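The next block holds one structure in the form of structure tokens; read it before the comments.
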Amino acid sequence: MKTATLLTCSRSQTTALAGRFAQVLKGGEIIFLRGPIGAGKTVFVKGVAAALGLKSSPVSASFSLMKEYKNKHVKLFHIDLFRLSEGEVFNLGFEEMLEDERAIILAEWPDPIAQMLPADRLEMDFILRGGDEREIKLRVRPRQRTFTGGIMPGIKDVVIGLDTSSSPLVAVVERGGKKYASRRKGVKQERLLFPVLKQLLTKAGADLTHTAKVAIIRGPGRFTGIRISLTFASMLKYLSGAKVYGITVFEAVRLQVAASKRFLTWKAQNPAGSLAVVWHAFREEYFLQIFNAQSEAPQWLSREELLARLAARKEPLFVAGADKEHTPLETLLEGRYTLADFKDCIVRPETLVAVAQNDAYQKDALEPLYLKPARFELLGK
């Protein structure tokens with residue numbers, strides 16, 4: 001890693017330094033800007049933008065988190081993460097930025113994304129020395145981009161499994177046959193994810209650069225929760241070349257229930273029977289998918305529609321679902337069907353690891369299954 005220290009004694013000198021710096025930018029660069037408020041970080045960004053011929057002049061991005069400035073040659077993304085935690089950066093669209101060869105990313109207060117972005121970057125520390133004098137320390141990390149291994153270096157021997165589609169958050173790290181798992185209850189998975197993953201990776205003696213495979217639940221569930229896993233997986237796919245595997249909640253529950261003694265006994269007695277996975281969506285709404293010889297399309301239904309669909313089935317049904325916080329299935333279905341054990345209906349860490357061993361789940365791995373439209377879509381109808 002190369003280092004250098006520069007001094008500027010006025011705002012104009014900082015701007016001039018930025019102008020010279022901009023001359024070597026071609027696109028694809030990532031620059032971290034650290035330093036206290038008023039240290040000159042935004043002045044530096046303005047100087048870069050002006051030298052690149054961008055008409056709009058950047059202002060502090062704190063008010064909007066991210067601003068994009070572009071012309072026909074480059075795109076400059078000015079990001080300020082002063083008030084954000086690690087988990088709250090997923091909706092900024094980093095995967096799209098990284099895939100754009102014209103993109104130049106300048107990030108102030110970058111620590112929340114330090115582990116998510118490539119190691120080949122420039123880091124600049126702005127230090128106030130009194131008056132208008134500033135010391136700017138530069139650390140240039142060499143490029144490690146290869147045609148075969150993505151951007152992140154390191155031995156790829158870690159499997160990460162994630163379910164952020166609902167509460168609780170499920171995370172697992174598998175390395176060398178050992179699994180380290182966590183199940184954390186909480187609505188804001190975006191705040192829980194990175195601390196939980198960091199803890200699990202530390203136990204495994206690894207970090208994100210060792211990721212070989214990522215298995216995720218791709219829905220249905222909370223819109224933001226699903227996006228968290230999809231964004232995390234797509235970024236690791238780009239940065240480290242990790243293989244991504246995606247499975248729905250329905251498929252995960254089916255895998256677990258189908259291997260249970262209770263279901264196998266029932267199936268032996270009801271060979272023509274089907275498995276119905278019922279998942280609570282919101283209030284009096286449910287998701288449903290029925291599995292038989294030919295799996296049927298998943299559905300989003302009201303309580304009344306769900307009961308009617310199940311009652312209309314001519315074959316015996318074995319019903320699986322894990323909702324105990326709202327109306328339990330035993331009460332909802334009034335004892336009309338054989339129910340799976342509750343423990344078989346909660347997505348298990350070992351199921352996510354197993355998914356990462358089956359190449360069939362690489363197809364559509366990053367395609368979300370929302371079923372229920374977003375609130376603004378419903379309001380627009």
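The values are calculated or read from the model by the stated rules, or taken from the named source; none is laboratory data. Treat the numbers as computed from the prediction; the structure is a model and nothing was measured. Glycine also receives a Cβ, built like all others from the backbone with ideal geometry; neighbour counts cover every protein chain displayed.
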Kindly indicate whether Ala233 is assigned to a helix (DSSP H, G or I), of a type in the set (Gly, Ala, Ser), under 13 Å from the mean Cα position of the chain (by Cα) and surrounded by 19 or more Cβ atoms within 10 Å (Cβ to Cβ). yes
Restricting the range 183-220 to residues that are exposed (fewer than 15 other Cβ atoms within 10 Å of the Cβ) and small (Gly, Ala, Ser), which is modelled with the highest pLDDT? Gly205
Does the range 286-296 contain any residue that is at pLDDT below 95, closer than 30 Å to Ala242 by Cα and hydroxyl-bearing (Ser, Thr, Tyr)? yes
Would you pick out the residues in the range 25-48 that are more than 13 Å from Arg134 (Cα to Cα) and hydrophobic (A, V, I, L, M, F, W, C)? Leu25, Ile30, Ile31, Phe32, Leu33, Val45, Val48
I want to confirm something. Restricting to the range 292-321 and keeping residues that are assigned to a strand (DSSP E or B) and in contact with an Asp or Glu (Cβ under 9 Å, 6 or more places away or on another chain), which single residue is farthest from Phe250 (Cα to Cα)? Ser302
So, Lys203, is that one touching a Phe, Trp or Tyr at 6+ places or on another chain (Cβ under 8 Å) and either more than 17 Å from Ala242 (Cα to Cα) or acidic (Asp, Glu) (or both) or not? yes
Are there any pairs with C-beta distances below 9 angstrom linking a residue in the range 196-214 that is touching a residue at least 24 places away in the same chain (Cβ under 8 Å) to a residue that is among the aromatic types (Phe, Trp, Tyr) and outside any strand (DSSP E or B), with the two at least 6 apart or on different chains, and if so which? Leu197/Phe232; Val214/Phe232
Taking the range 14-35, which residues are crowded, with 17+ Cβ neighbours inside 10 Å and either free of Cβ contacts under 8 Å to residues at least 60 places away in the same chain or not in a loop (DSSP other than H, G, I, E, B) (or both)? Thr14, Thr15, Leu17, Ala18, Phe21, Ala22, Ile30, Ile31, Phe32, Leu33, Arg34
